[in-house]
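What follows is a single structure, written as structure tokens, with notes after it.
The values are calculated or read from the model by the stated rules, or taken from the named source; none is laboratory data. Every value quoted in this text rests on a predicted model; they were computed, and no experiment measured them. Because the Cβ atoms are built from the backbone with ideal geometry, glycine has one as well, and the counts that use them run over all protein chains shown.
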Amino acid sequence: MTTEPSTYHRRLAEQKRTAIIEAATRLFMDSGYDGTSLAKIAEEADVSKATLFKQFPTKAALFDAIVTEYWKVEDERDVTPDSGDLRAGLTTIGNRYVALLTRPGMVALFRIVIAEAPRFPELGQTQFKLGKEPFFDAVRRYLQAEREAGTVRLDDPETAATQFLGMIANYVFWPRMLVMTWSPSAAAMARSVDEAVLTMEARYGVPGSVGDGRA
């Protein structure tokens with residue numbers, strides 16, 4: 001007799017997990033991290049306290065899961081494409097970054113961290129360590145691979161990754177934190193990626209390399 005959970009029970013557990021994460025995000029945004037109890041989250045998610053505690057024994061564990069969920073990338077190749085074609089690779093990464101930053105709930109997540117960071121600095125650390133840092137490191141590694149492939153000339157992949165992601169986020173994401181009606185079109189966001197890629201090519205690309213566009 002197998003003790004493995006059935007497909008049905010695994011699906012049910014995943015549905016409950018999703019409901020808990022969504023409820024916690026709403027409540028953290030409405031009442032603050034400190035003002036939200038696990039009991040209230042269980043009630044909002046329509047699950048028992050036992051179910052919630054089984055998956056998330058502490059509020060910190062739940063917040064870790066929220067951050068991980070929002071920054072989850074289904075296909076690692078969207079962040080670390082094959083090297084050798086700088087334009088194609090950066091475009092793929094840039095579009096993935098836009099998809100993450102515009103994911104429903106991402107703005108709310110950042111607002112929670114910013115609002116609660118003075119009292120709970122660990123929230124900011126979690127957002128960075130489990131969210132932004134893994135994505136950033138993947139971009140840095142990609143640029144290192146392009147340097148080894150001879151498509152870019154750069155001494156500091158970390159600075160280059162910061163510049164690239166910053167150009168995109170400065171248009172796609174950060175205005176949303178202050179301007180509630182900020183909602184650029186898909187075409188406008190795609191243009192912001194294209195412009196960031198062209199800027200990176202102009203600054204770091206090796207003329208004549210594959211995908212450089214200056215052969």
Any pair with Cβ under 8 angstrom, 6 or more apart, that starts in the stretch 132-158 at a residue that is closer than 24 Å to residue 100 by Cβ and of a type in the set (S, T, N, Q) and ends at one that is modelled with pLDDT of 95 or more and buried (at least 17 other Cβ atoms within 10 Å of the Cβ):
144/157
Out of (1) hydroxyl-bearing (Ser, Thr, Tyr); (2) surrounded by fewer than 20 Cβ atoms within 10 Å (Cβ to Cβ); (3) under 21 Å from residue 137 (Cβ atoms), what's the single condition that is false for residue 18?
(3)
Note on the stretch 154-193: residues touching a Phe, Trp or Tyr at 6+ places or on another chain (Cβ under 9 Å) and β-branched (Val, Ile, Thr) are 162, 168, 172, 193
Somewhere in the stretch 30-40, is a residue under 14 Å from residue 113 (Cα atoms), of a type in the set (A, V, I, L, M), surrounded by 12 or more Cβ atoms within 10 Å (Cβ to Cβ) and in contact with a helix residue (DSSP H, G or I) (Cβ under 7 Å, 6 or more places away or on another chain)?
no
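Name the residues in the stretch 163-186 that are β-branched (Val, Ile, Thr) and either in contact with a Lys or Arg (Cβ under 8 Å, 6 or more places away or on another chain) or farther than 16 Å from residue 95 by Cα (or both), would you? Explain how you work it out, then say what you get.
The first filter runs over the stretch 163-186 and keeps only residues β-branched (Val, Ile, Thr), leaving 168, 172, 179, 181.
Scanning the stretch 163-186 gives 179, 181.
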So, in the stretch 71-99, exactly how many residues are buried (at least 21 other Cβ atoms within 10 Å of the Cβ) and closer than 27 Å to residue 33 by Cβ?
1
Could you list, in sequence order, the residues of the stretch 45-81 that are farther than 18 Å from residue 128 by Cβ and touching a residue at least 24 places away in the same chain (Cβ under 8 Å)?
45, 46, 47, 51, 52, 55, 56, 59, 76, 80, 81
Top-ranked residue in the stretch 103-118 [being modelled with pLDDT under 90 and not in a helix (DSSP H, G or I); ranked as surrounded by the fewest Cβ atoms within 10 Å (Cβ to Cβ)]
104
Out of all the residues in the stretch 68-95, which are more than 20 Å from residue 166 (Cβ to Cβ) and assigned to a helix (DSSP H, G or I)?
68, 69, 76, 77, 88
Counting only residues in the stretch 181-212 that are at pLDDT 95 or above and acidic (Asp, Glu), the one nearest to residue 82 (Cα to Cα) is identified as 201
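Is it the case that the stretch 36-45 has a residue that's over 30 Å from residue 150 (Cα atoms), within 21 Å of the chain's Cα centre (by Cα) and among the basic types (Lys, Arg)?
Keep residues of the stretch 36-45 that are over 30 Å from residue 150 (Cα atoms), which gives 36-45.
So of that shortlist, the ones also within 21 Å of the chain's Cα centre (by Cα) come out as none.
No, there is no match, as no residue in the stretch 36-45 is over 30 Å from residue 150 (Cα atoms), within 21 Å of the chain's Cα centre (by Cα) and among the basic types (Lys, Arg).
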